[in-house]
Amino acid sequence: MSPSPPKAAARFVMIRSLRVPDLLTLTNAACGTIAVFMCLNYLDTAERLYLWIGFAMFPAALVLDYMDGIVARHLGSPSAWGTDLDSLSTSSPSAWRPRWWPTRWGYAGSGT
């Protein structure tokens, strides 16, 4: 009997394991990142549109953070990396924005 050929490695295993709450969490992280970059664009160009887009991303991130928890509990299917994603997407942008924006505005106004 001849040995069976080795199985090919599965592709995109991590992407296939994503669930709806994980996608909401990634969108939350994207909102936080967009908010930071929009504020950087505002500081560079002084166009208020960038500032307002950055401000609009904050409530969107809060709603997405709330919704991913509700959807995860409703589906009852814990993800292999959902809790890690949730803590990362919640802590990083939420920690940057309140500390970072007033500091940058103060420095931008002083000419430095």
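The values are calculated or read from the model by the stated rules, or taken from the named source; none is laboratory data. Nothing here was measured: the structure is a model prediction, and the numbers come from that model. Neighbour counts run over all protein chains shown; Cβ positions are idealised from the backbone, glycine included.
Taking the options LEU64, LEU18, name whichever one is part of a helix (DSSP H, G or I) and either at pLDDT below 85 or surrounded by 15 or more Cβ atoms within 10 Å (Cβ to Cβ) (or both). Spell out how you get there, then give the answer.
Values: LEU18 fails: part of a helix (DSSP H, G or I).
Matching residue, one of LEU64, LEU18: LEU64.
Being buried (at least 19 other Cβ atoms within 10 Å of the Cβ) and under 10 Å from the mean Cα position of the chain (by Cα) is the filter here, so list the residues in the range 21-34 that pass it.
Listed by number, the residues that qualify are LEU24, THR25, ASN28, ALA29, CYS31, GLY32.
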